[in-house]
Every structure is written in C-alpha cells, then in structure tokens.
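Colleague: Have a look at this one.
The values are calculated or read from the model by the stated rules, or taken from the named source; none is laboratory data. What you see is a predicted model, and the numbers here were worked out from it, not measured in a lab. Cβ coordinates were reconstructed from backbone atoms using ideal geometry, including for glycine residues, and neighbour counts include every protein chain displayed.
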Amino acid sequence: MLTVDSPVLRQLDAFRGIVGADWVFVDPEVLDAYASDETEDLHFLPDVVLKPRTAAEISAILRICNRERIPVTPRGAGTGLSGGALPHLGGVLLSLERMNSITEIDERNLQVTTEPGVITEVLQNAVREKGLFYPPDPSSRGSCMIGGNIAENSGGPKAVKYGVVKDYVLNLEVVLPSGDIIWTGANVLKNATGYNLTQLVVGSEGTLGIVTKIVLRLLPHPQHDLLMLVPFRSAENACAAVSAIFRAGYTPSAMEFMERDALEWVMRFVDNSIVAIGDDIVAHLLIEVDGNDVDVLLKDMEGIAALVAGFDCGDILFADDAQQKAELWKLRRRVGEAVKSNSIYKEEDTVVPRAELPRLLAGVKSIGNKYGFHSVCYGHAGDGNLHVNIIKGDLSDEQWNGSLKDGIREIFALVKDLGGTISGEHGIGLVQKEYMPIVFDEVQLSLMRGIKKLFDPNGILNAGKIFEND
Ligand code: LAC
Ligand code: ZN
C-alpha cells in the first residue's frame, strides 16, 4: 500500500508531466491487470503503471527512477512464463504497449525496423504482405509482443530450421537505466566491431535497458509447406526418431513433440477432435517441411515417413489442405493454455543436445515416479527443447511447495549431466533464478552480476530477475 511519503507517489506529477496524465495509472483495477503474467498463479501489484509513447519519455522516467531508486519493471504483453514482467518489488510498471508502430520495412535490404509493442504475428503478417518472412514464432505469437520476444530470446517451432530471435536481431535502440539512449550496433549482416552489445541485450530479460526500437533481418517467404502428424507407441521411440531424421539429412521447418496427455487435453480444451488417437499411442511428432519446390518437399515427406516407420509408429496423418494444417497447428500452439486450464502446474523449459532427448524424457518420468508427480511433456523436439509441465493434481500444498523443488532440482541436474541447460526459450525471470547455481558456478554468476552492475549501478531495472541483485 502506498503511503503519502512513498517515493513513487511523490513522483506522480513528474510522471504526468512526462507521459501525460492519461497515461499514468494508480487505480486498483489497472494495477491489478498488470500484476500477473502467464507464469503460474503469481500476482504482485505495482505502485503505478506508466504507458510512455517514446524513447525520450522512457529516458525521462528512468532518470527519475534512477535518482529516487524506484524499481522499474518493463512489460510487453505479459505472456511470459518465467515471471520476467512481474513487478515483484512494486514501483513502476512500464508498459511498452503504446509503442506499437512498425517503423519501416526495407525491401531492398530485407530488414524491418519496429517498435517493441508490436504483436509478433502483426509484424509477421506485415512483412508477409511484401513476400518476406520473420520466422521466430512463439506459440503466443497472436498476443505476445516483439519487445518481449527480444527480452526472452524466444524460439518457437520454426527455430529448428530458422533459428531463434537472436539470429534475426541486427541492431537495437536501448534506453539505459541512466536515461542515456544508445544504438547497440549497426543495420548490417556482419559486424566484428567491438563487443556485441546487441546480443548482450537480446535475452537479458529487461534487466539491462529498455529496448525501444528493433532492427530485424528478414528472409524471402518460402512458398510451400507440408505437415504430418506421426503417432508413436513409445515416447522414447518418438524422441529417438527425431535425431535419426536430422542425421538422415532432412531439415524440417518444425519437429514438435506432444505426449498423449498434451494432445488429448488440448483437443478437449479447444473442443476439436480432429485427431483419432489409437489406444496404444503414447506420443506424437508434428513434422513440417517448407521450401519453394513442392516435389522436393513431397520427397522429403516420403523419406521421413519411411524413416519413422522404423521406430514403430502408427498411421501417419498427412494434412490435406491449409485448413487442416491450421487446425493441427492450433492444437500444438494451445497445449500450454490447455495444461494451465487443467490444473495448477509448474512449467520447466529444459533443453538438451537433440540426441539426448530420449534420456531426458525417461529421466523426467522416473524422477516424477520418485516424487509422486505427473508431468505432461511437449515441445520443440528438433531443438532438444522439452517443456516439462508438472501437474499439481493430488499433491498436497506441502509437497507442492516443499519436496517438489527437490524433484525439479533433480530434473535440472539431469539436464546438466546430459549437456543441456535449464531454459531454452522461456528465460529465468523470477521463478527459475534459484536454480541458476545448478548450471553456473560463482565465477560465471559474478561475471553476469558485474554486467548488470555496469548497466544498472543502482539496481532499479527489473531487479531480482535472473539472479538476486547484490
Ligand atoms: C510452447 C510455449 C509454451 O512451445 O513455449 O507452446
Ligand atoms: Zn515452446
């Protein structure tokens, strides 16, 4: 609760002077709307919500917050899954939602310059109209914002062929906690000029600066894609088939894994039973190929189908038309929401070298048996990126808040043993930071803290995310 001498309250007039009175919010309903993101069931009220329109306004806000030591939490659409946008220290919630213009599509150089509050799918569609392609496509692309994608270095199904957000970011305009406004690089495809500040900011989860302009490289849009859904009688066989497909020389544009529960729950959730799941089926792979020559793609699909047959798969569903493809993709994209609607859950975003996927999945299940939890696993198998959703189900609150953490630690220790790490695309944010010492030692963590300190000496910007501030 704000007191009269709260540092935030004393700055309200100054904030109104910067962004205009209409864009400074202290009413409880608005604060409440910005108290959660998509992470579990967490809720932290900010003291004020500010909605600036320009980098200059953000600079002026940060100068005040830096001087007054007011915590600032940047936020895009609030679709994050690690609590990066949660204002857990109160203070200013800085929403980038009004910075929603695509500045320029440069068709000569295949680049787009955009503000951070543009919805990812809106950006994809805008460049698509010019025949261009921005591949990173998180499941939430219809609602997430490109600035949040930069903050988390998001991935999505297409990452397996096209790479993740970092592979497309050429240059960023960033407002530092000091209020200084910088560009991190240049709008070029190669850059060997000093430290790579651009890539340092990508994936920094809003802890180093506020990204206010983004230059992305684009590709020509592939003209065709084909999609198939392959059922398996053994989840480990499904996972083993994944690396075999790549080893055989195929590069699918998506290679997604869904356990039986994931597909059943989402079909119930969206009320669509397009897939008839045989009694003996425990997992599916959703496999897409794309390119400009349909004959080549058909050959690839035939080759992949012949290969998965060697892994004891069931009858393959080949998507016939655009509508069936869209329905299958809708099922895949909404698994996360379906799980969330089903039970309280915790989401772990494990990633291992692709060929270790069978061992990861088997390990997760045996750790689940040991600690008595059920998990629903799905994700980007081609990237070795498995989303492990731990379901509260019948677990008591004591187990959920107590011994379960030991189980999660065991999963992460296994991930590390297999050569992987604890987040592939959802970030560390608030909810995974306690596990950072599993994958980084004190030397590595202190380098990261040093970088944070250099950018943000007073620790005002998204403090307590990724790691505790000093
Ligand atoms: C997905 C999100 C949860 O893969 O990353 O659906
Ligand atoms: Zn994902």
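Colleague: Could you please give the count of residues in region 230-264 that are within 16 Å of ligand 1 (Cβ to nearest atom) and either touching a His at 6+ places or on another chain (Cβ under 9 Å) or of a type in the set (A, V, I, L, M) (or both)?
Modeller: 10
Colleague: If I go through region 313-355 residue by residue, how many of them are away from ligand 2 (no atom under 16 Å from the Cβ), within 20 Å of Asp261 (Cβ to Cβ) and surrounded by fewer than 20 Cβ atoms within 10 Å (Cβ to Cβ)?
Modeller: Residues meeting the conditions: 7.
Colleague: Which of the residues belonging to region 124-145 are within 16 Å of ligand 1 (Cβ to nearest atom) and either small (Gly, Ala, Ser) or more than 16 Å from Leu219 (Cβ to Cβ) (or both)?
Modeller: Pro138, Ser139, Ser140, Arg141, Gly142, Ser143, Cys144, Met145
Colleague: Being more than 16 Å from the chain's Cα centre (by Cα), within 16 Å of ligand 2 (Cβ to nearest atom) and of a type outside the set (A, V, I, L, M, F, W, C), is that true of even one residue in region 392-401?
Modeller: As a first pass, look at region 392-401 and keep what is more than 16 Å from the chain's Cα centre (by Cα): 392-401.
Checking which are within 16 Å of ligand 2 (Cβ to nearest atom) leaves us with none.
No, because not a single residue in region 392-401 is more than 16 Å from the chain's Cα centre (by Cα), within 16 Å of ligand 2 (Cβ to nearest atom) and of a type outside the set (A, V, I, L, M, F, W, C).
Colleague: Just to check your reading of the model, which residue among Gly450, Gly427, Gly459 is closer than 30 Å to Ile64 by Cβ and either within 16 Å of ligand 1 (Cβ to nearest atom) or touching a Ser or Thr at 6+ places or on another chain (Cβ under 6 Å) (or both)?
Modeller: After ruling out the rest, the residue left standing is Gly427.
Colleague: Criterion first (closer than 18 Å to Gly76 by Cα and not charged (D, E, K, R)) does Ile245 satisfy it? It would help to see each step written out before you state the result.
Modeller: Working: closer than 18 Å to Gly76 by Cα: no; not charged (D, E, K, R): yes.
Considered against the rule, which asks whether it is closer than 18 Å to Gly76 by Cα and not charged (D, E, K, R), Ile245 comes out as no.
Colleague: What's the total number of residues in region 260-280 that are surrounded by 20 or more Cβ atoms within 10 Å (Cβ to Cβ), of a type outside the set (Phe, Trp, Tyr) and over 18 Å from Leu227 (Cα atoms)?
Modeller: The qualifying residues number 3.
Colleague: Also, I was wondering about something else. Return the pairs, sorted by first residue and then second, in which the second residue is away from ligand 2 (no atom under 16 Å from the Cβ) and at pLDDT below 95, the first residue lies in region 62-84 and is closer than 22 Å to Phe15 by Cα and among the β-branched types (Val, Ile, Thr), the beta carbons are less than 8 Å apart, and the residues are 6+ apart or on different chains.
Modeller: Ile70/Pro7
Colleague: Quick one: which residue in Val388, Val415 is buried (at least 16 other Cβ atoms within 10 Å of the Cβ), within 14 Å of ligand 1 (Cβ to nearest atom) and of a type in the set (Val, Ile, Thr)? Give the steps one after another, and end with the answer.
Modeller: Working: Val415 fails: within 14 Å of ligand 1 (Cβ to nearest atom).
Answer to the check: Val388.
Colleague: As an exercise: evaluate Gly83 against (1) over 23 Å from Ser178 (Cβ atoms); (2) more than 16 Å from ligand 2 (Cβ to nearest atom); (3) surrounded by fewer than 24 Cβ atoms within 10 Å (Cβ to Cβ); (4) modelled with pLDDT of 95 or more and give the number of the one condition it does not meet.
Modeller: (3)
Colleague: Follow-up question, since we're still on this one. Consider only pairs whose beta carbons are under 7 Å apart and that are at least six residues apart or on different chains; among these, list those whose first residue lies in region 451-470 and is over 20 Å from His426 (Cβ atoms) and in contact (Cβ under 8 Å) with a residue 60 or more places away in the chain and whose second residue is charged (D, E, K, R) and surrounded by fewer than 14 Cβ atoms within 10 Å (Cβ to Cβ).
Modeller: Within 7 Å, the pairs are Asn458/Arg69; Ile460/Arg69.
Colleague: Just to check your reading of the model, which residue among Glu29, Glu38 is modelled with pLDDT of 95 or more, assigned to a helix (DSSP H, G or I) and of a type outside the set (A, V, I, L, M)? Please lay out each step first, then the result.
Modeller: Details: Glu38 fails: assigned to a helix (DSSP H, G or I).
Exactly one residue qualifies, and that residue is Glu29.
Colleague: Could you grab the pairs with beta carbons closer than 6 Å, sequence gap of 6+ or different chains, first residue in region 175-201 and touching a residue at least 24 places away in the same chain (Cβ under 8 Å) and in a loop (DSSP other than H, G, I, E, B), second one hydrophobic (A, V, I, L, M, F, W, C) and surrounded by 13 or more Cβ atoms within 10 Å (Cβ to Cβ)?
Modeller: Pro177/Leu62; Pro177/Ile460; Pro177/Leu461; Gly179/Leu62; Asn187/Leu170; Asn187/Val215
Colleague: Would you check if Asp167 is more than 16 Å from ligand 1 (Cβ to nearest atom) and surrounded by fewer than 24 Cβ atoms within 10 Å (Cβ to Cβ)?
Modeller: Yes, satisfied.
Colleague: Another question about this same structure. Take the residues in region 361-381 that are part of a helix (DSSP H, G or I) and in contact with a Leu (Cβ under 8 Å, 6 or more places away or on another chain), then tell me which one is nearest to Arg332 (Cα to Cα).
Modeller: Ala381
The rows are residues; the columns are (1) within 16 Å of ligand 2 (Cβ to nearest atom); (2) at pLDDT below 95; (3) surrounded by 20 or more Cβ atoms within 10 Å (Cβ to Cβ).
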{"position": "Leu96", "(1), (2), (3)": "no, no, yes"}
{"position": "Asn100", "(1), (2), (3)": "no, no, no"}
{"position": "Gly117", "(1), (2), (3)": "no, no, yes"}
{"position": "Pro136", "(1), (2), (3)": "yes, no, yes"}
{"position": "Ile146", "(1), (2), (3)": "no, no, yes"}
{"position": "Leu176", "(1), (2), (3)": "no, no, no"}
{"position": "Val201", "(1), (2), (3)": "no, no, yes"}
